[in-house]
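Beneath this line is the structure, given in structure tokens, with notes to follow.
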Amino acid sequence: MYNTFIVMNMSDHQPSRRENLAELFQLLGQPTRIQILLAIGESEACVCHLEAVTGMRQAVISQHLMLLRKARLVTPNRAGRNIYYRLENHALLELITTAARALGIPPGKFDLHPDKKVPSCPC
């Protein structure tokens, strides 16, 4: 009976927020997007930097960035010929690292050090 009470209360409590949360987790469920978000980190990164760090083609990165922009998880900033992306909310990094800890993944295991200069990145 107690479980039924909890389920009834949960089903009465703002389904749109649960749906938004599910959509966020679905969006983060793609390993490439997590890698991009980690590469951006707490600063910002250009597409060429993301290419160098992830080893993916620009077209693939751009498709994922488009979805992340549409979901308002990243924000673009044009500077000359380059577009730099930054996280809209740094709590995303905390979410990813907390989930990694829950799975037993050490924090430094996927740290991509976006602030380091990447030799193949012209900017």
On the formula 1/(1 + (r/R0)^6), with r taken between the Cβ atoms of residue 98 and residue 67 and R0 of 30 Å, the FRET efficiency rounded to 0.05 is 0.85
Whether region 43-109 is rounded, prolate or oblate, judged on the alpha carbon gyration tensor where a/c under 1.5 counts as rounded
prolate
Can you give the net charge of the other residues whose Cβ lies under 13 Å from the Cβ of residue 72, counting K and R as +1 and D and E as -1?
+1
Based on the mean of other Cβ atoms within 10 Å per residue, sort peptides 67-77, 17-27 so the most packed one is first.
67-77, 17-27
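We did not get these values from a lab; they are worked out from the coordinates using the rules stated. Remember, predicted model here, so these are calculated numbers, not experimental data. When we count neighbours, we look across all protein chains shown, and the Cβ atoms used for this are built from the backbone with ideal geometry, even at glycine.
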